[in-house]
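Trainee: Pasting a structure here, questions to come.
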Amino acid sequence: MILIKNGLIYEASNKADATGNFVKKDILINGNKIEKIAANIKEDCKIIDAEGKHVFPGFVDMHTHLRDPGQTYKEDIYSGTRAAAKGGWTTVCAMPNTDPVVDNISTVEYIKRKAKDIGACKVLVIGAMTKKLEGKEISEIGNMLQGGIVAVSDDGGCIQSTKIALNTMKYASNFNIPIIVHSEDYSLSGKGQINSGKMSTKLGLSGIPALAEELMISRDIMLAENVGCHLHIAHISTRKSIELVRQAKEKGLNITAEVTPHHLLLTEEECSSYDTNTKVKPPLRTEKDRQACLEGLLDGTIDFIATDHAPHSDFEKEKEFNLASYGINSLETAFAVLYTELVLNNKMDLSFLIDKISTKPSQFLNINCGLLEKGKAADIAIADLEAEILFTPENMVSKSNNTPYINKTLKGKIVTTICEGKVVFLG
Amino acid sequence: MENSHNFIGRNLFDLDDWSADEIQAVLDATKVMKEVNQRDYKKLPILRGKTVCTLFFENSTRTLMSFELAADRLSADLVRFSANVSSLHKGESLQDTVYTVDAMGIDLYIIRHSYPGSPQLVHKYTGKPVLNAGDGPHAHPTQALLDMFSIWERTGTLKGLKVTIVGDVAHSRVVRSNLIGLKKMGANVTICGPKTLMPGYMQEVYGCKVEYDLKTALKNADAVMGLRMQLERQSDGLFPSLEEYTKLFTLSEETMRYAKKDALILHPGPMNRGVEILPGIADSDRSLILEQVTNGVAVRMALLFLILGGKL
Ligand SMILES: [Zn+2]
């Protein structure tokens, strides 16, 4: 048993779209569940003093690239789950673009087994929609579901053929799992390096137009409406994309969307010095798009925040911009970044943020997490909001450090993370 | 000649971090160097003991010759690394290549690369001054300086001139550097070409005029620059045929009638005669096309002199 004393505990509101608040209470953990939440609990057991600290339900990430199997020089299940734990995440969903691709039950089982054996947090598996993510043949979704996948996605890629996209959605809809899409029309994105706009013109880099995303989202919404399946838009990034989701939701379609911390906070301006840590897909967009992402999150069009943690090693980023890999490392930095930039700058309440990184994604996955209540999983992140945290290549727990926030000081430090009743991180 | 501005150790990635005064100082120094190049004995001892390295990751014989001749004329030691990017892909990274070369003791780098931002990387890896000899479609500042010098030498000023640049703006490194430089020097630039070869936001980013009709673009121009049009853009689906392109955008005696009577003609070369420019114009008295090549050597001498801190 563990007793967390005197922390400010997140209490979700009962109302659907309202958020909660923080009250000073104790939490008693028994085994892997929360046993009791009350003031002044007395118990003779291990005690964590959370005086002056905030206590959150562990964060849940819908979009994580753990790179395992196959690209373990970038990250693996050991390092990735520890990076997650350091960032307050207690559940992450592993994306299937590994090597080999997660398009079969044995790879699903490999990840689940390894995560259970050596992982610091829970790992859920997302299976590929098509074999080898080639956008040609449907993968064995039924088999993978038996292995325990929670959703399907060809993330990293996008099924270009409308016919195959339609059939894959139809087939997947049979299993009632979310279909997560990375929306990109390759004929328009081409060899694009950054957002197609003022910055690409200035830097002489080829651009990825907003249209490349918007066209695919609009296609997939129409397909999902036709099929009647649950479509989830990954890392939404443009104003019009958000408008499309808003309209679809108004129509009552089963469409959801996520946004990354970097699309909420950064724009194409960040690319001005050819810093390859800003190279990501979808690209950092314009200030208007960024504002729209924030508004979309605030008004509920966007359902939650997901990191799209995409680690790449130094040699893949320390090179010419055109040759560098796409992706931003995010698990460790995300909470501090979001807290510093959004909560401290009064763009949202702390409780709203917690809702978007814990409660909402848990509801989406239908898992017993995301709330601090009796009977819920003992997944907890304790933060010292006054404490500063500096991310350096030396102190990153991830195997990679490809983030624009490297060497920056932020506020909001996770000091303890508990997953399934075990302390998995102590800062 | 004194180095009144502090150019020592400066990088030339593009003209955006060089002020109008500094650009003028380069033009002035170029004039001196041009005079040297017209002597019988063309060599100056001012960079003796300095080592200049050309890093050419993309073929460009003319630009390489021009830079190497400039370094030779100033008595610098010259080493060359050339490789094409595709062979580099498989092996050594740019970082490793540059570390290796730098270990030999280089004072200044001149880099040509097909990817934008590469000059910045060479500086990051070495701390040495870097001259950008063209980084993909991004920038080619020495070309812009020689273009500006060529016009300025004839007109005495760049202020208030209307300069029209015609052609494949999207794939041109020359345009962007010229837009930045000419604007700083007070010229008004109009760019013209098919919409499919025109990047977005040109006006917002560079403060230039954008026209899609050649005659309108040429109206009252003091100087006109044609850009190289490559056949491969046709298969990229950006325009239908060279023939139609020529009909719409070639610099001919007929279309040049819309410009000022004695408007100067420039082209960064190599030219596609009969496509973006007709021989009657390319070879006319007002054409500066060969003069640009001559001036290129002088501009590059001036830059090497200013940055490596020689004294005349
Ligand atoms: Zn993606």
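Trainee: Sticking with the crude label model, points 7 Å out along Cα→Cβ, report the distance from B:Glu204 to B:Asn220 in nm, one decimal please.
Mentor: With each label point 7 Å from Cα toward Cβ, the separation is 2.8 nm.
Trainee: So what are the three principal axis dimensions of region B:141-292 from its Cα atoms, in whole Å, longest to shortest?
Mentor: 42, 35, 27
Trainee: Follow-up. Can you give me the accessible area per residue for region A:50-189, using a 1.4 Å probe, in Å²?
Mentor: Per residue, region A:50-189 has an accessible area of 34 Å².
Trainee: Extending each Cα 7 Å along its Cβ direction at A:Asp314 and B:Thr157, get the distance between those two points in nm, one decimal.
Mentor: Label at A:Asp314, label at B:Thr157, 5.5 nm between them.
Trainee: While we're here: What is the gain in length, in nm to one decimal, between B:Asp77 and B:Ser235 on full extension, counting 0.36 nm per residue of separation less the C-alpha to C-alpha distance?
Mentor: Working: separation 158, 0.36 × 158 = 56.88 nm, distance 4.35 nm.
That pair, B:Asp77 and B:Ser235, stretches by 52.5 nm at full extension.
Trainee: Considering the dipole of the protein assembly as shown built from charges on the beta carbon (Lys and Arg +1, Asp and Glu -1) around the Cα centre, which of A:Leu166, B:Gly296, A:Phe321 is farthest to its positive end?
Mentor: Value computed over the given set: B:Gly296.
Trainee: Evaluate the charge dipole of chain A about its Cα centre and quote only its size in Debye, nearest 20, assuming +1 on the Cβ of each Lys and Arg and -1 on the Cβ of each Asp and Glu.
Mentor: Details: 49 positive and 55 negative charges, 86 e Å.
Here chain A has a charge dipole of around 420 debye.
Trainee: Return the average number of partner chain Cβ atoms within 10 angstrom of each residue Cβ along peptide A:314-321.
Mentor: Numbers: counts 1, 3, 0, 0, 6, 6, 16, 8.
Per residue, the average neighbour count from other chains is 5.
Trainee: In the protein assembly as shown, carbon and sulfur make up what percent of the accessible area (probe 1.4 Å)?
Mentor: Of the solvent-accessible surface of the protein assembly as shown, carbon and sulfur hold 48 percent.
Trainee: What are the equivalent ellipsoid semi-axes of region B:236-312, built from the alpha-carbon gyration tensor (square roots of five times its eigenvalues), in whole angstrom, biggest first? Write down the numbers at each step before the final one.
Mentor: Values: eigenvalues 215, 58, 18 Å².
Here the semi-axes work out to 33, 17, 9 Å.
Trainee: While we're here: Using alpha carbon coordinates only, what is the Rg to Rh ratio of region A:381-427, with Rh defined as the Kirkwood radius? Working shown, then result.
Mentor: On the way: Rg = 11.9 Å, Rh = 11.7 Å.
When Rh is taken as the Kirkwood radius, the ratio is 1.01.
Trainee: Run lengths n ≥ 4 of DSSP H only: what is the helix-derived mean residue ellipticity at 222 nm for the protein assembly as shown, with -39500 (n - 2.57) per run over all residues, to the nearest 500? Don't jump to the answer; show the numbers that get you there.
Mentor: Details: 27 runs with 248 residues, N = 739.
That calculation yields -9500 deg cm²/dmol at 222 nm.
Trainee: If you roll a 1.4 Å probe over the heavy atoms of the protein chains, what accessible area per residue do you get for region B:141-292, in Å²? Show your work: numbers first, answer last.
Mentor: Numbers: 6350 Å² over 152 residues.
That works out to 42 Å² per residue.
Trainee: For Cα pairs less than 8 Å apart in space and 6+ apart in sequence, what is the mean separation divided by the residue count of region A:294-363, i.e. the relative contact order in percent?
Mentor: 34
Trainee: Pull up the cross-link candidates among the lysines for A:Lys163, meaning alpha carbon to alpha carbon under 20 Å and not fewer than 8 places away within one chain.
Mentor: A:Lys131, A:Lys132, A:Lys136
Trainee: Evaluate E = 1/(1 + (r/R0)^6) for A:Ser187 and A:Arg113, where r is the Cβ-Cβ distance and R0 equals 56 Å; express this FRET efficiency to the nearest 0.05. Mind showing how you got there, number by number?
Mentor: On the way: r = 40 Å, r/R0 = 0.71.
Given R0 = 56 Å and the Cβ-Cβ separation, E is 0.90.
Trainee: Continuing with this model, one more query. Please check region B:177-212 for residues whose accessible area, probe 1.4 Å, is lower by 40 Å² or more when all protein chains are in place than in their chain alone.
Mentor: Buried by the other chains: B:Tyr201, B:Val205.
Trainee: Follow-up. Indicate the gyration tensor shape class of region B:44-170 (rounded, prolate or oblate), computed on the Cα atoms with a ≥ b ≥ c the square roots of the eigenvalues: a/c under 1.5 is rounded; otherwise a/b larger than b/c is prolate and the rest oblate. Provide the component values of the computation, followed by the final result.
Mentor: Details: a/c = 2.37, a/b = 1.38, b/c = 1.71.
Oblate, because a/c is 1.5 or more while a/b does not exceed b/c.
Trainee: Using a 1.4 Å probe on protein heavy atoms, which residues of region A:162-202 have at least 30 Å² less accessible area in the complex than alone?
Mentor: Going by heavy-atom accessible area, the residues of region A:162-202 that drop by at least 30 Å² are A:Lys198, A:Thr201, A:Lys202.
Trainee: So how strong a dipole does the protein assembly as shown carry about its Cα centre when Lys and Arg Cβ are +1 and Asp and Glu Cβ are -1, to the nearest 20 debye?
Mentor: So the dipole magnitude of the protein assembly as shown works out to roughly 520 debye.
Trainee: Calculated FRET efficiency, A:Val423 and B:Ser93, Cβ-Cβ r, R0 60 Å, to nearest 0.05?
Mentor: Numbers: r = 41 Å, r/R0 = 0.69.
Computed FRET efficiency for A:Val423 and B:Ser93 comes out at 0.90.
Trainee: Sticking with this structure for a sec: As a test, work out the antiparallel percent of DSSP beta bridges whose residues both lie in the protein assembly as shown, rounded to the nearest 5.
Mentor: Values: 32 of 97 bridges.
So the antiparallel bridges in the protein assembly as shown amount to around 35 percent.
Trainee: Find the sum over both chains of the accessible area lost when B and A are paired, probe 1.4 Å, and report it in Å² to the nearest 100.
Mentor: Numbers: alone 13690 and 16660 Å², together 28880 Å².
So the total buried area for this chain pair works out to about 1500 Å².
Trainee: Take the cross-link list B:Lys50/B:Lys124; B:Lys31/B:Lys209; A:Lys202/B:Lys34; A:Lys46/A:Lys74 and give me the ones stretching past 27 Å between alpha-carbons. Don't jump to the answer; show the numbers that get you there.
Mentor: On the way: B:Lys50/B:Lys124 20 Å; B:Lys31/B:Lys209 30 Å; A:Lys202/B:Lys34 32 Å; A:Lys46/A:Lys74 36 Å.
The answer is B:Lys31/B:Lys209; A:Lys202/B:Lys34; A:Lys46/A:Lys74.
Trainee: To continue, here is another question. For region B:141-292, what is the relative contact order in percent, using Cα pairs closer than 8 Å and at least 6 residues apart in sequence? Before the final figure, lay out each step's value.
Mentor: Values: 277 pairs, mean separation 36.0, N = 152.
Here the relative contact order equals 24 percent.
Trainee: With point charges of +1 on the Cβ of Lys and Arg and -1 on the Cβ of Asp and Glu, referenced to the Cα centre of chain B, which listed residue (B:Leu264, B:Thr216, B:Gln234) lies farthest in the positive direction of the dipole?
Mentor: Working it through, the farthest residue towards the positive pole turns out to be B:Leu264.
Trainee: Where a ≥ b ≥ c are the square roots of the eigenvalues of the C-alpha gyration tensor, would you call the protein assembly as shown rounded, which needs a/c under 1.5, or, failing that, prolate if a/b is larger than b/c, or oblate? Present the calculation step by step, with values, prior to reporting the outcome.
Mentor: Numbers: a/c = 2.54, a/b = 1.94, b/c = 1.31.
Prolate, since a/c reaches 1.5 and a/b exceeds b/c.
Trainee: Count neighbours as other Cβ atoms within 10 Å of each site's Cβ, and list the GluC sites (Glu not before Pro) in region A:1-62 that are DSSP loop with at most 12 such neighbours.
Mentor: Details: sites: A:Glu11, A:Glu35, A:Glu43, A:Glu51; in loops: A:Glu43, A:Glu51.
Counting only loop positions with at most 12 other Cβ atoms within 10 Å, the GluC sites (Glu not before Pro) in region A:1-62 are A:Glu51.
Trainee: B:Arg257 to B:Thr196: FRET efficiency via 1/(1 + (r/R0)^6), r the Cβ-Cβ distance, R0 22 Å, to the nearest 0.05? Intermediate values should be presented prior to the final figure.
Mentor: On the way: r = 27 Å, r/R0 = 1.21.
That gives a FRET efficiency of 0.25.
Trainee: What do you get when you divide the Cα radius of gyration of region A:230-326 by 2.2 N^0.38 Å, with N the number of residues?
Mentor: Cα-based Rg divided by the globular estimate yields 1.17.
Trainee: Same structure again: Tell me the per residue accessible area of region A:342-427 using a 1.4 Å probe; a whole number in Å² is fine.
Mentor: Working: 3500 Å² over 86 residues.
Dividing the accessible area of region A:342-427 by its residue count gives 41 Å².
Trainee: Can you give the log10 of the normalised intensity I(q)/I(0) at q = 0.07, 0.09, 0.11, 0.15 Å⁻¹, computed with Debye over equal Cα scatterers of chain B?
Mentor: Cα-only, vacuum Debye calculation for chain B: -0.27, -0.44, -0.67, -1.20.
Trainee: Oh, and also: If you average the sequence gap of Cα pairs under 8 Å that are 6 or more apart and divide by the length of chain A, what percent do you get for the contact order? Write out the running numbers ahead of the final one.
Mentor: Working: 1067 pairs, mean separation 84.8, N = 427.
Once normalised by length, the contact order is 20 percent.
Trainee: Scanning chain A for helices, which whole DSSP H stretches are 18 Å or more long along the axis (Cα) and average -1.0 or more by Kyte-Doolittle?
Mentor: Values: long enough: A:105-118 (20 Å, -0.46); A:210-227 (26 Å, 0.61).
Qualifying helices, which must be both long enough and hydrophobic enough, are A:105-118, A:210-227.
Trainee: Oh, and also: Restrict the search to region B:224-257; then list the GluC sites (Glu not before Pro) that DSSP places in a loop and that have at most 12 other Cβ atoms within 10 Å of their Cβ.
Mentor: Values: sites: B:Glu232, B:Glu243, B:Glu244, B:Glu253, B:Glu254; in loops: B:Glu253, B:Glu254.
Loop-located and lightly packed - B:Glu253, B:Glu254.
Trainee: Among the residues of region B:102-118, which ones have their accessible area go down by 50 Å² or more when all the protein chains sit together, as opposed to their chain alone (1.4 Å probe)?
Mentor: The answer is B:Tyr115, B:Pro116 - residues whose exposure falls by at least 50 Å² when every protein chain is included.
Trainee: Moving to a separate point now. Distance between Cα centroids, region A:386-427 to region B:162-234: provide it in whole Å.
Mentor: Value for the Cα centre distance between the two parts: 49 Å.
Trainee: Excluding same-chain residues fewer than 8 positions from A:Lys251, which lysines have a Cα within less than 22 Å of its Cα?
Mentor: Output for A:Lys251: A:Lys170, A:Lys240, A:Lys360.
Trainee: Just grab the label-to-label distance for B:Asp285 and A:Lys46, each label 7 Å out from Cα along the Cβ direction, in nm (one decimal).
Mentor: According to this spin-label approximation, the distance is 9.4 nm.
Trainee: Going toward the positive end of the dipole of region A:28-146, with +1 on Lys and Arg Cβ and -1 on Asp and Glu Cβ, which of A:Gly31, A:Thr107, A:Val60 do you reach last?
Mentor: Highest projection toward the positive end goes to A:Gly31.
Trainee: Shape call for region A:58-365 from the C-alpha gyration tensor, a ≥ b ≥ c root eigenvalues: rounded (a/c under 1.5), prolate (a/b greater than b/c) or oblate? Intermediate values should be presented prior to the final figure.
Mentor: Working: a/c = 1.23, a/b = 1.12, b/c = 1.10.
Because its axes are fairly even, with a/c under 1.5, region A:58-365 counts as rounded.
The values are calculated or read from the model by the stated rules, or taken from the named source; none is laboratory data. Note that the structure is a prediction, hence the values are computed from the model and not measured. For neighbour counting, all protein chains shown are included, and Cβ atoms are generated from backbone atoms with ideal geometry for every residue, glycine included. All accessible areas refer to the heavy atoms of the entire protein, side chains included, with ligands and DNA or RNA removed. Shrake-Rupley method; radii C 1.70, N 1.55, O 1.52, S 1.80 Å.
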